[in-house]
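The next block holds one structure in the form of structure tokens; read it before the comments.
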């Protein structure tokens, strides 16, 4: 199976976020701040991260997520773990 790239991972994150928080997928873009765009708080963001960890089969340490608030940067952090 070929390795995924950041665009593919970003798309998967956007799909998952769209389903989880019932936000139309077309309204989500890679550079969006997920707190603002999804209307979520830090507890809901943790729930999203747990789903992403399960989806990608990885563990994301808290220190790697400090200051991350947009989908693309989140995808880059996940790619670093998946790759």
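The values are calculated or read from the model by the stated rules, or taken from the named source; none is laboratory data. Please read all numbers here as calculations on a predicted model, not as lab measurements. Please note: Cβ atoms are built from the backbone with ideal geometry, for glycine as well, and neighbour counts cover all protein chains shown.
Within the bounds of the range 14-26, is there any residue that is surrounded by 14 or more Cβ atoms within 10 Å (Cβ to Cβ), part of a loop (DSSP other than H, G, I, E, B), out of contact with any strand residue (DSSP E or B) (no Cβ under 6 Å at 6 or more places or on another chain) and at pLDDT 95 or above?
Within the range 14-26, the first condition is being surrounded by 14 or more Cβ atoms within 10 Å (Cβ to Cβ), and the residues that meet it are 14, 16-18, 20-21, 23.
Filter once more, keeping what is part of a loop (DSSP other than H, G, I, E, B): 23.
Narrowing the set further to residues that are out of contact with any strand residue (DSSP E or B) (no Cβ under 6 Å at 6 or more places or on another chain) leaves 23.
Next, only the ones that are at pLDDT 95 or above stay: 23.
Within the range 14-26 (the criterion being surrounded by 14 or more Cβ atoms within 10 Å (Cβ to Cβ), part of a loop (DSSP other than H, G, I, E, B), out of contact with any strand residue (DSSP E or B) (no Cβ under 6 Å at 6 or more places or on another chain) and at pLDDT 95 or above), the answer is yes, since at least one residue qualifies.
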Within the range 49-75, track down each residue that is assigned to a helix (DSSP H, G or I), at pLDDT 95 or above and surrounded by 15 or more Cβ atoms within 10 Å (Cβ to Cβ).
-> 51, 52, 56, 71, 72, 73, 74, 75
